1. Do you know which of the residues in the stretch B:341-373 that are more than 21 Å from residue B:508 (Cα to Cα) and not aliphatic (A, V, I, L, M) is surrounded by the fewest Cβ atoms within 10 Å (Cβ to Cβ)?
2. Specify the residue that is farthest from the other protein chains (Cβ to nearest Cβ); the eligible residues are those in the stretch A:111-155 that are part of a loop (DSSP other than H, G, I, E, B) and surrounded by 15 or more Cβ atoms within 10 Å (Cβ to Cβ).
3. Does residue C:21 qualify as being facing chain A (nearest Cβ under 7 Å), of a type in the set (Gly, Ala, Ser), assigned to a helix (DSSP H, G or I) and surrounded by 23 or more Cβ atoms within 10 Å (Cβ to Cβ)?
4. Being surrounded by fewer than 20 Cβ atoms within 10 Å (Cβ to Cβ), of a type in the set (A, V, I, L, M) and out of contact with any Ser or Thr (no Cβ under 9 Å at 6 or more places or on another chain): is that true of residue B:251 here?
5. Before we move on, is residue C:16 at the interface with chain A (Cβ under 7 Å from one of its Cβ atoms), farther than 20 Å from residue C:68 by Cα and either within 16 Å of the chain's Cα centre (by Cα) or not in a helix (DSSP H, G or I) (or both)?
6. Would you be able to tell me the number of residues in the stretch C:75-92 that are surrounded by fewer than 17 Cβ atoms within 10 Å (Cβ to Cβ), among the hydrophobic types (A, V, I, L, M, F, W, C) and more than 7 Å from chain A (Cβ to nearest Cβ)?
7. All but one of (1) within 30 Å of residue A:31 (Cβ to Cβ); (2) within 21 Å of the chain's Cα centre (by Cα); (3) modelled with pLDDT of 90 or more hold for residue A:144; state the number of the condition that does not hold.
8. Residues of the stretch B:134-158 being more than 14 Å from the chain's Cα centre (by Cα) and surrounded by fewer than 20 Cβ atoms within 10 Å (Cβ to Cβ), which ones?
Amino acid sequence: MSPILFWFFALLMLVFGVAVVVNRNPIASALNLVVSFLGLAALFMSLDAFFIGIIQVLVYAGAVMVLFLFIIMLLDLRAERLRKINWVASAGGVAVALALLIQIFYVIGHLTFSKQTFPPLARSEIDDVHNIGLLLFGNYNLPFQIIGVLVLVATIGAVLLSKRERR
Amino acid sequence: MKSALPWYALLLPLVSAGAITLFTRRLKTLSSLISVAAVLGSFVCSCLIFGQKGLSAPELKWIDFGTVFTVPFGFVLDDLSRMMLVLVSGIGALIHIYSLGYMRDDEGKSRYFAALSLFMFAMLGIVLANNFVMLFIFWELVAFTSYVLIGHWFERDAAADAANKAFFTNRIGDFGFMLGILLVWMSTRSVVFADIAPRLSILTSHPAFLTIAALLIFCGAVGKSAQFPLHVWLPDAMEGPTPISALIHAATMVAAGVYMLVRVGFIIQASPSALLVIAWIGTISALLAALIATQQSDIKRILAYSTISQLGYMMIAVGLASNEAAIFHLFTHAFFKALLFLGAGSIIIMLRHEQNIWKMGGLARHLPITFLTFVVGALALIGFPLFSGFFSKDTILALAYDHNMPIFVVALFTAFLTAFYILRLVVVVFFAKPRSDAARASDESPLVMTGPLIVLALLAWLGGYGFFARHFLAIPHEKELLLIVPVLAITAMILGAGLAIALYRNRTSEPIEVDLLRRLFYIDEFYRWLLDWTQELLASISAFFDRWIIDAGAVRGVSGGTWGIGALLRLIQMGNLQAYAFLFGLGIVALIYFAVFR
Amino acid sequence: MVTLGHYLIVSGILFAIGFAGVMLRRSLIIIFMSLELMLNAANLSLVAFSRFHVQPSGVPDYNAQVFVFFIITVGAAEVAVGLAIIVALFRARQTTHVEDINTLKF
């Protein structure tokens with residue numbers, strides 16, 4: 001994929017990610033996050049991970065963010081009122097994040113294989129959905145079933161948690 | 001020639017004590033007979049041993065650590081031991097028989113006879129022991145049985161307290177004794193007497209060390225023989241039954257102190273300073289006790305102080321380096337003191353446990369045999385010529401006259417006091433009119449009690465004569481028969497007796513009151529104050545330590561420290577979500593740093 | 001040319017942004033969204049490695065993509081339950097401000 005598109009979508013993702021963090025209005029934050037996810041999905045596509053990209057759009061942008069929006073509107077959250085900002089804590093937080101970032105840069109910079117370019121792919125009749133399916137239902141069958149149970153439990157949990165107290 | 005007789009003599013009373021304690025507690029008469037039989041058996045064995053010179057008994061190796069520390073269980077059977085065997089078992093037998101009568105109606109008869117048998121075992125053990133450790137073990141056992149017997153009527157507070165006092169005071173002396181034994185062992189590497197004697201040169205080359213060791217060993221004798229300052233237990237020990245007072249506190253246990261000093265005389269006599277101390281302590285005790293005895297109204301206490309006084313005389317003899325004189329006086333004293341005590345017991349029983357001499361009187365008519373035998377004993381005590389006490393006491397006075405004039409003067413004055421107080425006793429108790437109903441209604445004691453009295457009276461009369469005593473012990477020879485000493489002694493005696501008779505004839509109550517003497521020189525009060533003060537001091541130090549160092553320091557320190565550290569650590573749990581996230585991040589950054597960059 | 005390193009760096013930056021969001025914002029919902037950012041950053045890393053680690057048969061290593069699949073699923077379930085909790089919390093406290101929710105302390 002050409003570097004221009006890569007940079008475009010990467011920047012899209014990052015800028016709207018920052019917007020998520022910075023915005024006061026929760027609705028705005030949520031919508032920024034949706035766009036960020038779309039950028040991420042594009043990056044997935046660029047990595048020939050089509051299935052994952054689609055899933056990202058469907059599940060994350062489609063379901064999870066919609067849920068977020070529902071909740072925000074349910075709780076009727078207004079824009080956050082500015083309370084006194086604790087500058088020390090904020091500085092500390094930023095410092096830690098920066099430190100993490102610097103460490104990541106350093107590590108990645110020193111890894112030899114980070115200079116690696118796209119290795120060529122062989123022509124294959126089976127597309128990636130197929131391959132992922134084979135793996136999922138083959139090697140990872142048990143985790144797959146467990147994930148099913150997990151989602152069921154999450155559903156039950158969400159229902160339970162939302163119940164109002166019976167007088 | 002080896003023989004097992006000494007083992008029989010020693011162990012028969014132990015078997016009797018064990019049998020009574022385990023099997024015949026309820027059968028009181030049977031217990032008493034077992035005990036009497038055992039002691040008679042010991043006496044027979046002792047006589048048999050006495051008859052054969054050069055006897056030796058098989059030894060047991062009890063503790064054996066080679067040359068470092070060996071304690072055998074063995075016997076020494078020289079003339080002294082054999083004489084003491086016969087004396088102890090003989091007088092013991094007489095007192096056992098007397099007890100049959102005295103304790104006839106007592107509730108704890110089995111207990112009494114078991115303890116009495118155990119005492120005989122322990123006393124014979126002391127006399128036969130051939131090393132310090134065995135001696136010490138039996139020494140302590142004697143103190144213990146004495147405790148049991150003094151406190152025989154333990155429901156009475158006074159008796160229980162007296163038993164405690166006796167044991168504690170003995171213990172104080174024994175502490176010194178033990179230190180002395182340790183010093184001797186340290187230097188000569190042996191506790192067996194026969195092995196120490198040839199190694200004495202090690203000790204004599206360090207005179208200060210030797211003196212200290214000798215004085216420490218003497219501490220044990222001070223406690224056991226009730227010398228000043230550890231004499232306070234003996235008068236209180238009169239709370240026990242009178243046969244016990246006779247046996248333990250007149251004839252045998254208290255004499256054990258003197259015996260022990262004679263047995264290890266070779267150590268003591270090597271130190272002139274120790275000898276001097278011993279002689280003076282004996283003198284002080286003799287004088288002190290005689291003074292106090294002149295003002296007492298309890299018949300047994302008068303005799304108790306008399307015992308302390310006479311033991312003082314024996315200590316004087318030991319201190320003047322004449323073991324023979326000390327043993328001679330011990331020998332005669334055993335007879336007449338036991339006689340006096342048993343006579344007092346006869347009076348007490350017949351007057352239904354009355355002990356105050358001012359409630360007696362005119363008993364010469366009511367208890368004739370007791371009266372006659374008592375007078376014999378009294379005469380022996382004051383050293384009346386022809387009686388045993390005369391010979392032994394005069395020997396000691398002559399010794400003092402030869403070697404140490406101040407001691408002689410004090411001893412002479414004490415002889416004067418001795419005559420005074422004992423004649424006071426005789427006059428008040430036996431003459432004049434009876435002063436109480438109990439006295440009026442009294443009668444002579446049964447034969448089982450008067451029999452031993454008569455036997456002892458004969459011994460008290462004849463015991464000092466050469467033809468009798470020669471078989472038992474070495475009679476000390478005076479250089480020349482210094483006439484001055486007997487004359488002075490007899491003069492002092494007559495003065496004392498005369499003064500007593502003059503003062504106390506036909507009195508109904510005590511004419512003279514000397515508070516200092518009546519209150520025993522306030523020694524008991526002083527000891528009480530001393531104990532209180534020391535205990536207060538120790539208690540306050542311990543309280544301080546406990547309150548400030550353990551409580552505030554250790555306990556509160558630990559708890560406070562834990563609380564403080566907890567309070568610090570608690571701050572991590574702020575409840576603030578983002579603080580937690582911050583700490584997470586910090587941790588991860590640190591982890592990566594340590595994993596990758598180091 | 002775009003290398004593996006580019007993708008990884010981008011992923012790292014996204015993760016840092018998410019982390020900063022968790023620490024700086026006061027509203028629970030925003031914190032939650034930042035958390036999702038972090039998850040997705042990890043997903044990007046995984047997929048990048050999957051693409052650049054080609055099997056001898058010429059196919060990318062799909063194990064990582066299966067892993068991403070699981071992560072997405074679990075993330076979704078987590079969001080569902082988490083939001084339910086936030087709703088319940090809001091019902092109890094009437095606030096989503098994170099500093100007001102501090103009773104779980106000593």
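The values are calculated or read from the model by the stated rules, or taken from the named source; none is laboratory data. These figures come from a predicted structure and were not determined experimentally. Using ideal geometry, Cβ is built from the backbone for each residue, glycine included, and neighbour counts are taken over all protein chains shown.
1. Among residues in the stretch B:341-373 that are more than 21 Å from residue B:508 (Cα to Cα) and not aliphatic (A, V, I, L, M), the one surrounded by the fewest Cβ atoms within 10 Å (Cβ to Cβ) is B:368.
2. In this case the residue turns out to be A:118.
3. Working: facing chain A (nearest Cβ under 7 Å): yes; of a type in the set (Gly, Ala, Ser): yes; assigned to a helix (DSSP H, G or I): yes; surrounded by 23 or more Cβ atoms within 10 Å (Cβ to Cβ): yes.
Here the answer is yes, as residue C:21 does meet what is asked.
4. No, not satisfied.
5. In short, no.
6. Summing the residues that are surrounded by fewer than 17 Cβ atoms within 10 Å (Cβ to Cβ), among the hydrophobic types (A, V, I, L, M, F, W, C) and more than 7 Å from chain A (Cβ to nearest Cβ) in the stretch C:75-92 gives 1.
7. All conditions are met except number (1).
8. B:137, B:153, B:154, B:155, B:156, B:157, B:158
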